[in-house]
Structures are given as structure tokens and as C-alpha cells.
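One structure is given below, encoded as C-alpha cells.
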Amino acid sequence: MHLVSVDEKTNIQALERITAEHPMEKGSPRRIEYEYIRHGTTCLMASTDVGTGKLLSHRLHPTRNEEDFLCFIKQTVASFPPEDQIIFMADQLNTHQSESLVKWVAQQIGFEEPLGIKGRKGILKSMKTRKTFLQMEQHRIRFVYTPKHCSWLNPIENWFAKLQRHVISHGHFTSVEELERKIEIYIDFYNLCLYKPLNWEFKGFHKGYKLKAINGE
């Protein structure tokens, strides 16, 4: 069985700094040039093996629609032996519960019952019915969804944070192509030298735990 964490990092900007940053000196922190030229954006879809922390697959593309996500899931599943059980952990974005995804999963697991019609009846009727199908535990390929507003529970977000710190935040990119090339280089380096299992310290909310409202009351 493989537990795979997936998500998208959208609108990654290729920013060219007007001048180079000033290096750190004794008694003075590193200073970053905040004037820049925009050269466009890209979107990164990525998946990690929760057990090892290694990046399994990724896709750099200008868009992140239903077809893009299905293409990425197909790519990820193809990296495993054909009979292995795969559990995807994802947030509840509509593209993660799409009609095309349900149809493809049904085909892969040999599901032969009618799927219905989107917006009208059956499994395809609504996001709720599609989500129920995709979560079914007896399926070889299935999804587990994080609660709404809790996508931070998804381990891939930790990897995205590392990418942001190591490559993007202080990066200097003259084009989207250069940005994507440096992301690719970082992924190779990460899988060679940096990956490790996530030490997850969150113990969950205990029964009766009172959450503070947004206004602090």
C-alpha cells in the first residue's frame, strides 16, 4: 500500500530582481531587492510518499484544471506496479473530485456498475456523490480528503514550504523557463540529498476542545 500526498502550488511567479541582493555581513542581515520585473507564472503539481518523504512525481504547467489534475494522477499511478493499492491524500478542491477522475478510477479498478450522469443522477451527480465514490475503502485507488480549511494537514504542504524557502523567495528568474528549470534541479537535489520521513507532531484535537473564533472570542 502507498500513501501519497498530492496538491498544487499555483501562481509561482518568475521574478527578476532589479538589482542583486546585498549579502549578509557582520552585524548586518542579508538585504533583498524588492523591486522586480514579472516574467509570468507557472503551476506545480507534486506528490510525496508519506512514508519516506521522497517526491514521487511532479508536473509543471501553466494551468491546473480538471484535465491537468487527471493527467498528473495518471502519471503518479503509472510509477507504481499495476496491482498496488494507492491512497491519495488531497484537499477538497473541485478538480480533485471531478467527473473525469471518477470515470478514470472506475476504469482502473474494474468498476462496472453505471456511474450515472453529472448533474442529474448516480455517482456522477454531484461533488458529494463523486467524493463518496472516490473515498470508498474497497477501491485499489482511492482518495482521502483533508477537512475544509485544514489543507495544512496534508504533508505535501511541508515540501512546498521548503521549495518556497530554498528556491522561490530569494530567487532571480529572467523567464518562466528558468524558474521551471531551477525547480526541476531542486527536485533532483531534494530526492538525492534532503528527503526524509516527516516527523508529524500534531496529535489531533481532543473531544471538547474549544476553538477560538476568528475575532478572538
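Laid out as a table, the results:
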item: Enumeration of residues in segment 67-90 that are closer than 19 Å to ILE12 by Cα and charged (D, E, K, R); result: ASP68
item: Members of segment 82-130 found to be part of a helix (DSSP H, G or I), closer than 20 Å to THR48 by Cβ and not polar (S, T, N, Q), listed by number; result: HIS96, LEU101
item: Condition met for PHE80 (in contact with a strand residue (DSSP E or B) (Cβ under 7 Å, 6 or more places away or on another chain), of a type in the set (Phe, Trp, Tyr), under 12 Å from HIS2 (Cβ atoms) and surrounded by fewer than 19 Cβ atoms within 10 Å (Cβ to Cβ)); result: yes
item: Selection from segment 174-193 of residues that are farther than 13 Å from LEU56 by Cα and without any contact (Cβ under 8 Å) to a residue 12 or more places away in the chain; result: GLU177, ARG181, ILE185, PHE189, CYS193
item: Some residue of segment 141-164 being without any contact (Cβ under 8 Å) to a residue 24 or more places away in the chain and of a type in the set (D, E, K, R); result: no
item: Test: ARG59 is within 20 Å of the chain's Cα centre (by Cα), buried (at least 19 other Cβ atoms within 10 Å of the Cβ), outside any helix (DSSP H, G or I) and touching a residue at least 12 places away in the same chain (Cβ under 8 Å); result: no
item: Answer residue from segment 182-217, given it is at pLDDT 95 or above and of a type in the set (Val, Ile, Thr) and is farthest from the chain's Cα centre (by Cα) among those; result: ILE185
item: Qualifying residue in segment 34-47 (condition: crowded, with 16+ Cβ neighbours inside 10 Å, in contact (Cβ under 8 Å) with a residue 40 or more places away in the chain, of a type in the set (Val, Ile, Thr) and assigned to a helix (DSSP H, G or I)); result: no
item: All positions within segment 109-131 that are surrounded by 10 or more Cβ atoms within 10 Å (Cβ to Cβ) and of a type in the set (Lys, Arg); result: LYS118, LYS121, LYS125, ARG130, LYS131
item: Test: ILE12 is assigned to a strand (DSSP E or B), touching a residue at least 12 places away in the same chain (Cβ under 8 Å) and farther than 30 Å from ILE123 by Cβ; result: yes
item: Filtered residues of segment 159-170 (kept if farther than 20 Å from ARG59 by Cβ and not hydroxyl-bearing (Ser, Thr, Tyr)); result: ARG165, HIS170
item: Matching residues, segment 83-97, being buried (at least 18 other Cβ atoms within 10 Å of the Cβ) and touching a Phe, Trp or Tyr at 6+ places or on another chain (Cβ under 7 Å); result: ILE86, PHE88, ALA90, ASP91, HIS96
item: Some residue of segment 144-152 being within 19 Å of the chain's Cα centre (by Cα) and part of a helix (DSSP H, G or I); result: yes
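Yes/no matrix, rows are residues, columns are (1) at pLDDT 95 or above; (2) surrounded by 15 or more Cβ atoms within 10 Å (Cβ to Cβ):
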residue: TRP104; (1), (2): yes, yes
residue: PHE133; (1), (2): yes, yes
residue: LYS148; (1), (2): no, no
residue: PHE160; (1), (2): yes, yes
residue: HIS172; (1), (2): no, yes
residue: GLU180; (1), (2): yes, yes
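The values are calculated or read from the model by the stated rules, or taken from the named source; none is laboratory data. Note that the structure is a prediction, hence the values are computed from the model and not measured. Cβ: placed from backbone, ideal geometry, glycine included. Neighbour counts: every protein chain shown.
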